[in-house]
């Protein structure tokens with residue numbers, strides 16, 4: 001039944017889309033928004049999805065059989081679905097995939113998703129525009145504030161096993177700030193590696209109409225646990241390599257940025 005619903009939604013999007021083929025990233029987000037708005041309009045349709053790195057992912061329908069009129073829907077229901085699809089597509093045309101993704105984030109299972117997305121956006125923009133030889137104090141302060149928001153909003157009660165991952169990420173990010181953010185690529189790598197660890201557990205926990213096995217298949221992994229351990233190993237390596245490099249640098253100690261960002265953590269221990 002959920003695959004029928006997903007095929008119905010995807011068929012409606014494809015049939016009502018006016019331009020070139022929709023990118024896969026857009027299909028996931030738009031499918032979710034069509035499903036949500038259809039529910040609001042009284043159309044009882046369901047789809048399988050889960051939360052992951054960059055928000056909603058929907059399952060690919062198990063069969064790409066011939067494109068019939070969306071299965072299991074009456075003429076009235078099909079009309080509602082088409083109207084909803086056109087409305088959501090118009091919003092996509094008039095904004096961007098990024099803004100559509102922001103809309104889906106309003107339903108994210110944890111506040112941390114919004115905070116992390118803000119940091120990810122800023123780091124992505126800085127990769128091509130940042131010059132470490134300028135006075136970038138205001139930028140570093142913005143990044144620092146975003147890091148603190150992520151740390152403070154981490155759902156430790158739901159994911160106690162990731163407290164060490166959070167601390168590893170936090171201190172590694174802090175040291176990169178201390179270094180003047182001279183390697184944005186590395187800063188971004190630390191950030192996305194941590195997020196991949198956390199959201200792997202989110203995907204396992206926050207899934208709708210999907211089993212754990214189906215989620216792992218959608219992600220292309222054989223085991224949540226082994227994949228988690230591999231990613232944690234990458235984060236530890238990034239942190240230890242970065243720490244070793246900083247210890248050999250001229251600074252020889254903690255900077256004011258480190259002191260400021262670490263103080264609330266140390267006080268809470």
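The values are calculated or read from the model by the stated rules, or taken from the named source; none is laboratory data. None of these values were measured; they are calculated from a predicted model. Cβ coordinates were reconstructed from backbone atoms using ideal geometry, including for glycine residues, and neighbour counts include every protein chain displayed.
Can residue 67 be described as assigned by TED's automatic domain parsing to the domain that holds residue 99, surrounded by fewer than 19 Cβ atoms within 10 Å (Cβ to Cβ), more than 17 Å from the chain's Cα centre (by Cα) and at pLDDT below 90?
It is true that residue 67 is assigned by TED's automatic domain parsing to the domain that holds residue 99, surrounded by fewer than 19 Cβ atoms within 10 Å (Cβ to Cβ), more than 17 Å from the chain's Cα centre (by Cα) and at pLDDT below 90.
Looking only at the stretch 44-55, filter to residues that are surrounded by 21 or more Cβ atoms within 10 Å (Cβ to Cβ) and assigned to a loop (DSSP other than H, G, I, E, B); which one of those is modelled with the lowest pLDDT?
Across the stretch 44-55, the extreme among qualifying residues is 45.
Could you tell me which residue of the stretch 198-231 is nearest to the chain's Cα centre (by Cα), considering only residues that are assigned to a helix (DSSP H, G or I) and under 15 Å from residue 54 (Cβ atoms)?
199
Would you call residue 123 touching a residue at least 60 places away in the same chain (Cβ under 8 Å) and outside the structural domain of residue 176 (by TED's automatic domain parsing)?
no
Pairs needed: first member in the stretch 53-72, over 26 Å from residue 228 (Cα atoms); second member anywhere, modelled with pLDDT of 70 or more and assigned to a loop (DSSP other than H, G, I, E, B); C-beta distance under 7 Å; at least 6 residues apart or different chains.
Once the first residue is over 26 Å from residue 228 (Cα atoms) and sits in the stretch 53-72, no partner that is modelled with pLDDT of 70 or more and assigned to a loop (DSSP other than H, G, I, E, B) comes close enough.
Looking at the stretch 13-22 only, could you name the residues that are under 13 Å from residue 85 (Cβ atoms) and more than 26 Å from the chain's Cα centre (by Cα)?
Of everything in the stretch 13-22, those that are under 13 Å from residue 85 (Cβ atoms) and more than 26 Å from the chain's Cα centre (by Cα) turn out to be 15, 16, 18.
Just give me the residues in the stretch 16-40 being at pLDDT 95 or above and more than 25 Å from residue 113 (Cα to Cα), in sequence order.
16, 17
Among the residues of the stretch 1-21, how many are surrounded by fewer than 18 Cβ atoms within 10 Å (Cβ to Cβ) and within 23 Å of residue 96 (Cα to Cα)?
Of the residues in that region, 6 qualify.
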